[in-house]
Amino acid sequence: MEQRHLGRTGLRVSRIGLGTLTWGRDTDEHDAADMLKVFWEAGGTLVDTADVYGGGEAEYLLGQLIEGLVPRRDLVISTKAGSVPDPDRRFDGSRGHLLAALDASLARLGTDYVDIWHIHAFDPDTPLEETLQALDLAVSSGRVRYAGVSNFCGWQLAKAATWQSSAPGSRTRLASTQMEYSLLQRGVEREVLPAALDLGIGLLPSSPLGRGVLTGKYRNATPPDSRGASEHLAPFVAPYLDDTASRIVDAVATAADGLAVTPLQVALAWVRDRPGVAAPVIGARNAQQLTAALSVEALSLPDEICLALDDVSAPLHRYPDHDWSTL
C-alpha cells in the first residue's frame, strides 16, 4: 500500500487507515484479529482508535493483538482522548483529564507510546492553551510521537495550530486533524480543509463511506446485519438516508457500473485522493469487508468521473467562501 506523509511531518502512514470504533462491542477478538492481519499483510500501517471506543475495550483488544499477531514497530497507532461519558459534559479538555486518559490508553494498549494522539473534540469550558499544553507534555515525555486534534471546526483548528507554531521548540506542531469527510459530508471543505492545507496539517477522514451508505447497501432496504439495523448505530446512519444522499449514492453506483468496480471503491477512491487527505479511516465489520475496501489501492478515478461526483455532491457554499463580487 502506498505510504503518505502526515501533513508537513516526517511521519509516513498508509493511505488507508483501519478504524476500531466497533472493536470490543460489535467486533469480537476473532474478527479483529483477522482484520488486523489482513490490513498488515496488505501494507497497512495506520490503526485508529480512541479511549471511549467500546468503553476502552477497543484499545485493550488492539493491545492484545500487538506483538502476538503484528509487530508493534510495523503499526502507526493513533488514539484519542477528551470525550467523556457524562451527560452534563461531553468533552473534557483539561490537562489533568487528558494526561490521565493517555496513561490509561497506554496501559490498555500495552505500549510505551502512541504514534499519534488526538484531542477528540474542542472543549469550550477549558482554555485552549491548557488543552494544548497536554499535547506538549505528552510529546516531551516520549509517550506520544505526533499530536493532532479531531472534530475542531475551522477557526478552532486555525487557532490551535497557530498557538502551537508560535513558539517553535517548546510547543508541538499539530500533525493531523481527524474529521468526517465523504461524498455525503463535505462540510470540511468550507474552512477546515483550507486551514489544514495552509498550516501543513494532514486530514484523516473518518466515515469516508458515508457511514456505510455510499456502498449502496441501503438503496432498496436496510440489511438486517448492517449498522443501520443496529439499535445503537441506527441513529448514526439515519441522517444519510434522505433524498439528497440517495441521489449521490445513485451517481456513485452509475460511476461504478461504468468503471466495472464497486460503489465502495468509487466512494473511497474519491475521498482518498482529495487534496490534503493523508488517509481515510475505514471501519469494516469483518475481514471480507476490509479486503473489499483495500482493493481500492489499484483504482484511480478518471478526472471526468471525479468532476461528475464533485458536481452531484457539491454543498452550497456562498458568502464568505466565494468571492463576494460574484454573489
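Observations, loosely collected:
- Pair Asp112, Leu307: separation of 7 Å Cα→Cβ label points (nm): 5.4
- If you model the chain as an ellipsoid using its alpha carbon gyration tensor, with each semi-axis the square root of five times an eigenvalue, the axes come out at 30, 25, 19 Å, biggest first.
- Of all lysines in the structure, those lying under 26 Å Cα to Cα from Lys37, and not within fewer than 8 positions of it along the same chain, are Lys80, Lys217.
- Only helices enter the 222 nm calculation for the chain: every DSSP H run of n ≥ 4 contributes -39,500 (n - 2.57), and dividing by all residues gives -11000 deg cm²/dmol, rounded to 500.
- At q = 0.21, 0.24, 0.25 Å⁻¹, base-10 log of I(q)/I(0) for the stretch 153-193 (Debye sum, equal scatterers on each alpha carbon): -0.68, -0.80, -0.83
- Sparse packing (at most 13 other Cβ atoms within 10 Å of the Cβ) combined with a DSSP loop state is found for the following trypsin sites (Lys or Arg not before Pro) in the stretch 61-102: Arg89, Arg90.
- Carbon plus sulfur fraction of accessible area for the stretch 197-273, probe 1.4 Å, in percent: 51
- Calculated on the alpha-carbon coordinates, the convex hull of the stretch 145-257 measures out at 136 cubic angstrom per residue.
- Directionally averaged shadow of the stretch 33-144, computed from the convex hull of its alpha-carbon atoms, nm²: 6.9
- Note on the stretch 212-270: along the principal axes its Cα atoms extend 35, 22, 20 Å, ordered by decreasing extent.
- Sparsely packed trypsin sites (Lys or Arg not before Pro) within the stretch 218-326, loop by DSSP, other Cβ within 10 Å at most 15: Arg219, Arg318
- Ser207 accessible area, assembled protein chains, probe 1.4 Å, Å²: 30
- Phi angles across the stretch 208-222 convert, under the Karplus curve 6.51 cos²θ - 1.76 cosθ + 1.60 with θ = phi - 60°, into 3J(HN,Hα) values of x, 9, x, 6, x, 5, 6, 6, x, 5, 9, 4, 10, 6, 9 Hz, Gly and Pro given as x.
- Distance from the stretch 272-308 to the stretch 80-135 (C-alpha centre basis), Å: 30
The values are calculated or read from the model by the stated rules, or taken from the named source; none is laboratory data. This is a predicted model, so every value here is computed, not measured. Counting neighbours? That spans all protein chains shown, and the Cβs are built from the backbone with ideal geometry, glycine included. SASA here: full protein model, heavy atoms, side chains in, ligands and nucleic acids out. Shrake-Rupley method; radii C 1.70, N 1.55, O 1.52, S 1.80 Å.
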